[in-house]
Amino acid sequence: MDFTFTPEQDALREAIVRICAGFGDEYWLQRDKDGAFPREFCAALAKDGWLGICMPEEYGGAGLGITEAAIMMQAIAQSGAGMTGASAVHMNIFGLNPVVVFGTEEQKRRMLPPLIAGQERACFAVTEPNTGLDTTQLRTRAEKRGDRYVVNGQKIWISTAQVAEKVLILARTTPLDQVKRRTEGLSLFYTDLDRRHVDVREIDKMGRKAVDSNEVFFDNLEVPEEDRIGEEGRGFEYILHGLNPERILIAAEAVGLGLVALERATNYAKERRVFGRPIGQNQAIQHPLAANWMELQAAQLMILQAAWRYDRGLSCGAEANAAKYLAAEAGFKACQQAVMTHGGFGYAREYHVERFLREVMIPRIAPVSPQLILCFIAEKVLGLPKSY
Ligand SMILES: Cc1cc2nc3c(=O)[nH]c(=O)nc-3n(C[C@H](O)[C@H](O)[C@H](O)COP(=O)(O)OP(=O)(O)OC[C@H]3O[C@@H](n4cnc5c(N)ncnc54)[C@H](O)[C@@H]3O)c2cc1C
């Protein structure tokens, strides 16, 4: 057993830290105020090839593993870029995994290089307003007409749909009452986000203003058959394949955010003097911070274990879900503690920790809630009856 990073992993982390250093607190505070998508930041990562970190080399990627992608995403969030920086590139990093695994050679050649080069952005359209976490109940329909499908329906919370040229959509191709199992009859498409047939309405939300989330309405969007990924009716299965690595990456982002919040809180606790001594000399201030550190370290070990298993082709469902749960909860506690440690200044935007607290709610809620992870672990690991 070896708990150290390889020299290559250390070098990767340092390279990301160097790029992020060009985008300091003021840049992210400004994006949080004006809501402008951080294009310069994405371009800087794309320029050095980082968007293709875990894409196959034959399509322009670096061919590295989820472990390396997790190191990268943690470093981005930890730089102070938070979820704004991480979410701006998250979909490019791993979103097209279904194309890599289930796409044809022609699809990979057509779809992957523009995404890796940062010339195209993609959004991921799964969640619907009326189905919640029960994905098998999706109502968006893709009807086959000759050599194309016609998509109608509504999605919600779709991130980056304001700026994306492409969309990965999960839609029902066979009605629910005509399939043997609820997980059948859904198909996956990667296609143009043709705004003549797709209405995108931004949701005014709590944090991460610069990376939009939207209601998306599909009105007779025509999708050529060659944009369907894999076989018709097996989309749910394809999406499941990418869920574990996605949970690992979002967990890494939550730990990064927790660590930067902890660092800011610790520095402030050393400097701020009240009653003639630094506030950090009080155990009521230092103990919660020490607990935050331990929880974040534990979550990070679970992330690395899950990533290590995924990269070796071992099952990692329990570990990836546990990592996402532990990281999001530890990240949240650290961000909350950072605000409290700053007292009144914690509520002021110029100290940044209130931005971190608003943003850390995202990895808690998405892409799966903590409650559903507990349900999953109870059922799959402990063998208790399925509760959902
Ligand atoms: C900022 C942001 C960005 C997002 N980006 C995207 C995106 O790009 N693409 C996309 O497809 N989606 C996206 N999402 C959606 C996100 O994945 C969902 O919001 C999340 O999966 C929860 O689904 P829901 O909102 O429908 O909650 P619901 O399913 O309505 O659940 C509501 C609450 O009830 C609980 N609950 C439900 N059923 C049970 C049960 N059986 N047992 C116990 N508790 C239960 C849940 O845990 C949760 O706390 C995003 C969300 C946010 C907030």
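Some points to look at:
- The residues listed here are ALA320, ALA290, ALA284; of these, the one that is modelled with pLDDT of 95 or more and open to solvent by less than 20 Å² (accessible area, probe 1.4 Å) is ALA320.
- Subset tally (residues that are in contact with a His (Cβ under 6 Å, 6 or more places away or on another chain) and over 17 Å from ARG349 (Cβ atoms)) for region 1-42: 0
- Against the conditions (1) more than 23 Å from ALA299 (Cα to Cα); (2) in the same structural domain as LEU357 (by the TED database); (3) of a type in the set (A, V, I, L, M, F, W, C); (4) open to solvent by less than 50 Å² (accessible area, probe 1.4 Å), LEU249 satisfies every one except (1).
- Put simply, of GLY313, GLY346 the only residue that is open to solvent by 40 Å² or more (accessible area, probe 1.4 Å), free of Cβ contacts under 8 Å to residues at least 40 places away in the same chain and not assigned by the TED database to the domain that holds GLN78 is GLY313.
- If you go through region 129-155 and pick out every residue that is open to solvent by less than 50 Å² (accessible area, probe 1.4 Å) and in contact with a helix residue (DSSP H, G or I) (Cβ under 6 Å, 6 or more places away or on another chain), you end up with 1.
- Boolean, PHE41 is outside any loop (DSSP other than H, G, I, E, B), of a type in the set (Phe, Trp, Tyr) and either under 24 Å from CYS123 (Cα atoms) or at pLDDT 95 or above (or both): yes
- All positions within region 143-182 that are within 16 Å of the ligand (Cβ to nearest atom) and without any contact (Cβ under 8 Å) to a residue 40 or more places away in the chain: ARG172
- Tallying residues that are touching a residue at least 12 places away in the same chain (Cβ under 8 Å), in a loop (DSSP other than H, G, I, E, B) and surrounded by fewer than 16 Cβ atoms within 10 Å (Cβ to Cβ) within region 4-34 yields 3.
- Condition check for LYS205: at pLDDT 95 or above and touching a strand residue (DSSP E or B) at 6+ places or on another chain (Cβ under 9 Å): yes
- Scanning region 190-215 for residues that are buried (at least 17 other Cβ atoms within 10 Å of the Cβ) and within 30 Å of GLY80 (Cα to Cα) yields VAL200, GLY207, ARG208, LYS209, ALA210, VAL211, ASP212, SER213, ASN214.
- Candidate set: region 191-220, residues that are among the small types (Gly, Ala, Ser) and not in a strand (DSSP E or B); chosen: the one nearest to the ligand (Cβ to nearest atom): GLY207
- Some residue of region 257-280 being farther than 30 Å from PHE102 by Cβ and within 15 Å of the chain's Cα centre (by Cα): yes
- Some residue of region 349-356 being under 30 Å from LEU29 (Cα atoms), open to solvent by less than 40 Å² (accessible area, probe 1.4 Å) and within 16 Å of the ligand (Cβ to nearest atom): yes
- Among the candidates ILE285, ILE362, ILE279, ILE373, residue that is of a type outside the set (Asp, Glu), out of contact with any Phe, Trp or Tyr (no Cβ under 6 Å at 6 or more places or on another chain) and within 16 Å of the ligand (Cβ to nearest atom): ILE362
- Qualifying residue in region 107-128 (condition: within 15 Å of the ligand (Cβ to nearest atom), open to solvent by less than 10 Å² (accessible area, probe 1.4 Å), within 28 Å of CYS316 (Cα to Cα) and in a helix (DSSP H, G or I)): no
- Verdict on SER187 being closer than 20 Å to ARG148 by Cα, within 16 Å of the ligand (Cβ to nearest atom), among the small types (Gly, Ala, Ser) and open to solvent by less than 40 Å² (accessible area, probe 1.4 Å): yes
- Subset of region 37-48 (residues that are surrounded by fewer than 17 Cβ atoms within 10 Å (Cβ to Cβ) and under 19 Å from the mean Cα position of the chain (by Cα)): ARG39, ALA43
- Considering residues of region 97-106 that are open to solvent by less than 40 Å² (accessible area, probe 1.4 Å), away from the ligand (no atom under 16 Å from the Cβ) and in a helix (DSSP H, G or I) only, the residue modelled with the lowest pLDDT: VAL100
- Here LYS386 clears all of (1) open to solvent by 60 Å² or more (accessible area, probe 1.4 Å); (2) touching a residue at least 40 places away in the same chain (Cβ under 8 Å) except the condition numbered (2).
- Some residue of region 51-69 being within 16 Å of the ligand (Cβ to nearest atom), in the same structural domain as THR104 (by the TED database) and in a helix (DSSP H, G or I): no
The values are calculated or read from the model by the stated rules, or taken from the named source; none is laboratory data. Predicted model, so just to flag it, every value in this text is computed and none were measured. Note: ideal-geometry Cβ built from the backbone for every residue, glycine included; neighbour counts use all protein chains shown. Surface accessibility is based on the protein's heavy atoms, side chains included, excluding ligands, DNA and RNA. Shrake-Rupley method; radii C 1.70, N 1.55, O 1.52, S 1.80 Å.
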